[in-house]
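Bear in mind these aren't lab numbers, they're just calculated from the coordinates by the rules spelled out. All of these numbers come straight from a predicted model, not from anything done at the bench. We place every Cβ from the backbone using ideal geometry, glycine too, and count neighbours over all the protein chains shown.
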Amino acid sequence: MNIIIKLFATVAILISFNLVTRAAPSALPPSSREFIEWCDIWISHANETNLPRVLLIGDSITRDYYPKVEKHLEGKAYVARLATSRFASDPVLLQEIALVLDNTKFDIIHFNNGMHGWQHSEAEYREAFPKILETIRTHAPNAKLVWATTTTLKESKPNSATEASDERIAARNSIGLECIHGQNIVVDDLNALVRGHPEYHSDNVHFNADGIRIEADQVAAKIEPLLPH
């Protein structure tokens, strides 16, 4: 009898596990994601405590200027990054942010989201942006915040509901500005910095050495005055 009871219990557990694993993906929107999604988390000087910590949240643009920002702030702060392809409305983005912030305390967070998820409307972006801000505030309530505008394209295509364009980037930046208004968040206008300078681009989206350098200069200049003394 004990063997039969144990057998039924095992079967019940397996059935429950199967139902959970089948049900879990339905809570996420895989059809709205890109063909490849990626995440790059880099926490330097993980065991050190003698300098303040800075986190850069963004995408491949952020990942490109990260090393030079780290160099700018050497001896003044430890700089980490969370670079991801996740669009604002993807719940996984909020999980990624929470994961990093729950495991490391940051004094300053410089963040951006806007270059991915062109299959999503700007109305979706408007709905999702406050959730990013809420997640950061919840998991790092004492951090000072800097929001960076999304950078321009080298050559903008005609406005499309499913493709990137400078018009759509400008719309998302306007939404971001509205969402952070009155919240004591510093604005780092990287869009204005590179707008009208196609010579800074290495391709239609990314930047060459000169573009990366001027972006890193400005990012570091926005962060440094906020560092605790």
| field | Computed magnitude of the charge dipole of the chain (debye, nearest 20; Cβ of K, R +1, Cβ of D, E -1) | value | 700 debye
| request: Hydropathy first: keep DSSP H helices in the chain averaging at least -0.5 on Kyte-Doolittle, then drop any whose Cα extent along the axis falls short of 24 Å, and list what survives. | output: 2-23
| said: Could you work out how much longer the chain between W38 and L227 gets when fully extended? Use 0.36 nm per residue separation minus the Cα distance between them, nm to one decimal. | reply: 65.0 nm
| remark: Among S202, I223, T150, the residue whose Cα sits farthest towards the positive end of the charge dipole of the chain, when +1 is placed on the Cβ of each Lys and Arg and -1 on the Cβ of each Asp and Glu, is I223
| field | Label corresponding to mean projected area of the Cα convex hull in nm² when calculated from the structure given, among [x] 16.0; [y] 23.0; [z] 13.3 | value | [x]
| query | Relative to the present Cα-Cα distance, how much length would full extension add between N47 and N159 at 0.36 nm per residue of separation? | reply | 35.6 nm
| query | Which longest uninterrupted range of the chain lacks any chymotrypsin sites (Phe, Trp or Tyr not before Pro) assigned by DSSP to a loop state (not H, G, I, E or B) and surrounded by at most 14 other Cβ atoms within 10 Å? | reply | 39-229
| note | Lys and Arg at +1, Asp and Glu at -1: neighbours of P225 with Cβ under 13 Å from its Cβ sum to 0
| task | Any chance you could check the Cα centroid distance between segment 179-207 and segment 133-162 for me, in angstrom? | result | 10 Å
| remark: Of all DSSP beta bridges with both partners in segment 37-226, the antiparallel percent, nearest 5, is 25 percent
